[in-house]
Structure formats: structure tokens, C-alpha cells
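Asks: Can you read through this structure? Questions will come right after.
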Amino acid sequence: MPKNGYHFLYDIHFFTTFAHPKLLPNAIGGTTLTQLIKTMKSFLRSIPAGTATIILLGIITYLSLADRPFGDTHISLFRGADKLVHILMYLVLDVVVLLDYTKHRYPHHTNDNISLAFTACVSLYGLLMELAQLMMQETSRSYDIVDWYADTFGAVLGFFLARLWVCRWYRHHIISHHHHHHHDKESE
């Protein structure tokens, strides 16, 4: 198992914490829900740290710079919905970046200053996307500094969410359980 595996879906276990697996019906082909969760955790742990960040950066770059990322489909939302989308995209991006950092640093703890630096990088990435849109005058894209404010707000929310809850939960429920279980097997 690679040391830098990554789990970017947080954890299916979170959704089953409130219901005992034996009380739930068997899942696919007689496999119990507990076995399915173990398999999913193992798969997600095997993904190298940084992979989810790179994939998410690619998706956000495409959505930010493609002339018409959804083709001719017009999605009509409420006024200001695009700002909410910016907040959510950059909140998720920052959480994923900080989870990657947590995974990379394990078994050592992360450093708040470095986490803040990653958050600043996420914000600067949002500014870079806006500046790139400024240079794309012949497309449907347009520069809006308020989008960057929304990106930064989302990144800061992501920092607090990740540092106060997600990364600690991740270390405790995903990494450390696997780490202890793996060492128990080696000592037998």
C-alpha cells in the first residue's frame, strides 16, 4: 500500500456511523456493507496523495476557461448563483488540497502556517483564473474581481472546515485505523 494514498470522498464510513452495519441489508451480491466499506477505504487509500488535487484543478481550470463548458445548454439559476458556485468550488478545492497535505505528512501532524500557505495558493489560483479570463476577450468568459473574492472566501471557509474537522476526522478514521491494523498484522 503506498504511503501517500489518498481518500478524497472523505469516507463512506461517515454515512454508516449512525446505523449499525448488521441492521442494514446486504449490499451487492451478498457482500455485507462492512466489507464494501473496507474495500472502498482500501481503494481510496491506494490513490497517491496529490491525485485528487490535480484532478480537481483540471476540472476547475476547464470550467473557468472553456468558452462554453456546458455546450449550448443554458443553466438558469438564481441571481448570484455563480458566486455561490465559486465559493463551493474553492471550498472543496482547499479541503482536498489540505487533505492531500494531511495524507502526505502522515504520521506527522500538519503545520497551520503551511496549511494557510496552501489556502493562499488556492486563492491565488482563483485570481489567476480571473486574469486568464481577462485575456480571453473573444470568448464568453469575462473577468470579475468579485468572483475572486468568492474564491478566496470559499478557500478560507475550506481552511477552517479542513483544519477544525475534516483533516482530524480523516486522520482518526481513515489513516490511523489502517496504520494500526497494518502494523498489528506485521507483528503476528
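Throughout, read-outs are computed from the coordinates displayed, never taken from laboratory work. The structure presented is a predicted model; accordingly, all values stated were derived computationally and were not measured. A quick note on method: Cβ atoms are made from the backbone with ideal geometry, for glycine too, and the neighbour counts reach across all protein chains shown.
Asks: Among His109, His74, His86, rank each residue by its count of other Cβ atoms within 10 Å, from fewest to most, as a rough exposure measure.
Replies: Values: His109 11, His74 7, His86 25.
With the sparsest Cβ surroundings first, the list reads His74, His109, His86.
Asks: Arrange Cys121, Cys167 by Cβ neighbour counts within 10 Å, fewest through most, would you?
Replies: Starting with the residue having the fewest Cβ neighbours, the order is Cys121, Cys167.
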